[in-house]
């Protein structure tokens, strides 16, 4: 297989090989593809989680367990507060 790279990407590959981190350009490309595959899988898992959360919300609303908000501003504020709480918990868990 032959692959054409931009000058910038070719320089990056050459720098990685020159650094001693990789023995060949092929090794650099294989590592990049492994990382791309991991990223794609992570996105797939995240999208599956979002779909499950959305369906859970739909089921809760259908069951009458939804919450009414006075308007879009109130809803947006609640979403932001929840996001900040989750972010804070996530950061605290990393320590």
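The values are calculated or read from the model by the stated rules, or taken from the named source; none is laboratory data. Predicted model only: the values in this text are computed from it and were never measured. All Cβ positions, even for glycine, are placed from backbone atoms using ideal geometry, and neighbour counts span all protein chains on display.
For the reader, a short list of remarks on this structure follows.
- Take the conditions (1) at pLDDT 95 or above; (2) assigned to a helix (DSSP H, G or I); residue 77 misses just one of them, which is (1).
- Within the range 14-54, the set of residues being within 18 Å of residue 3 (Cα to Cα), over 26 Å from the mean Cα position of the chain (by Cα) and part of a helix (DSSP H, G or I) comprises 14, 15, 17, 25, 26.
- Matching option when the condition is part of a helix (DSSP H, G or I) and either at pLDDT below 95 or surrounded by 10 or more Cβ atoms within 10 Å (Cβ to Cβ) (or both), among 82, 65: 82
- Restricting the first member to the range 47-70 and to residues that are touching a residue at least 12 places away in the same chain (Cβ under 8 Å) and at negative phi, and the second to residues that are loosely packed, with under 10 Cβ neighbours inside 10 Å and part of a helix (DSSP H, G or I), no beta-carbon pair is closer than 6 Å while six or more apart or on different chains.
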